[in-house]
Structure formats: C-alpha cells, structure tokens
Amino acid sequence: MEQESWISRTQQFWKVHVLLGLLLITLISFGGVLWKTNESVESAIFGLGTIELVLIFIGMAGSTFSWMWFAFQCPECHQSVGKWVMRHSSFNTCFTDLISLGKCPHCGYSG
Ligand SMILES: [Zn+2]
C-alpha cells in the first residue's frame, strides 16, 4: 500500500510516522488526564499534576493538528493536502483518506 499511495510516491510517508507518534503521545496524555482525574489517591505521573497533564494533552493535540494541517504539502502546487483532507473528510476517516490519496486533490499531481 505504501508504494501505491500518493503520500509515499511524493516521499512524505515519514510524515505519517511522525503524525502517528504525535497521535500516540496525545492519546497517552489524554489517558493520563482521565486516570489522574479518576484517581482518589494522591499520586503523580512522572511528578505531574492534573493541570500539567491537561496542558500537555492540549499542547500535544494542538501539535498533532498543526502537523496534519501544515506538514503534508503537494510538491507541485505547494498547497496543503492535510488541510484539504481535514476539511473534506470526517474525523474518523481523515487519516485513512490522507494515506490512501491517489493524487493531489488540488492540482491532480500524481507523484
Ligand atoms: Zn498539487
């Protein structure tokens, strides 16, 4: 699949790995927030309190969103493809839509 997608033909598949890493850290920090708010015992995750964990989660969610928005660009028309996918796909399908693109949605450049 990697070889067939527009993302890999335009040498941008490494950005998908970065996106997945960011997404993973975001989910872990979200899990940390949930765990911390449900925790009745006084405990800290890596010495972090609830406020710090919430801030990390917001920061990571923002970074993930920004990466998706700005990192994926068409080498031909230099338009943001990540932005296009986020505008035209639902939250649940935007990731698979991004990696399964066959050509640039702006100019039709196929890589
Ligand atoms: Zn293009």
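At-a-glance table
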| quantity | calculated |
| --- | --- |
| Residue 107 versus residue 79: modelled label distance in nm, points set 7 Å from Cα along the beta carbon direction | 1.0 nm |
| Inter-probe distance in nm under a simple model that places probes 7 Å from Cα toward Cβ, at residue 13 and residue 66 | 2.8 nm |
| Additional length obtainable on full extension of the chain from residue 20 to residue 88, 0.36 nm per residue less Cα span | 22.5 nm |
| Partner lysines for residue 15 [C-alpha distance under 20 Å; skip if fewer than 8 residues away on the same chain] | 83, 103 |
| Stokes-Einstein translational diffusion, the chain - Kirkwood Rh over all Cα pairs, 0.890 mPa s, 25 °C, in µm²/s | 159 µm²/s |
| Charge context of residue 68, other residues only, Cβ under 12 angstrom, K/R +1, D/E -1 | +2 |
| Distant-in-sequence amide H partners of residue 73 (H built 1.01 Å from N, under 5 Å) | 81 |
| Relative contact order [Cα under 8 Å, 6+ residues apart], region 6-99, whole percent | 28 percent |
| Difference of contour (0.36 nm per residue) and Cα-Cα distance, residue 58 to residue 96 | 11.3 nm |
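Values quoted throughout were computed directly from the atomic coordinates according to the rules given, and no laboratory measurement underlies them. Because the structure is a prediction, the values reported are computed rather than measured. Note: ideal-geometry Cβ built from the backbone for every residue, glycine included; neighbour counts use all protein chains shown.
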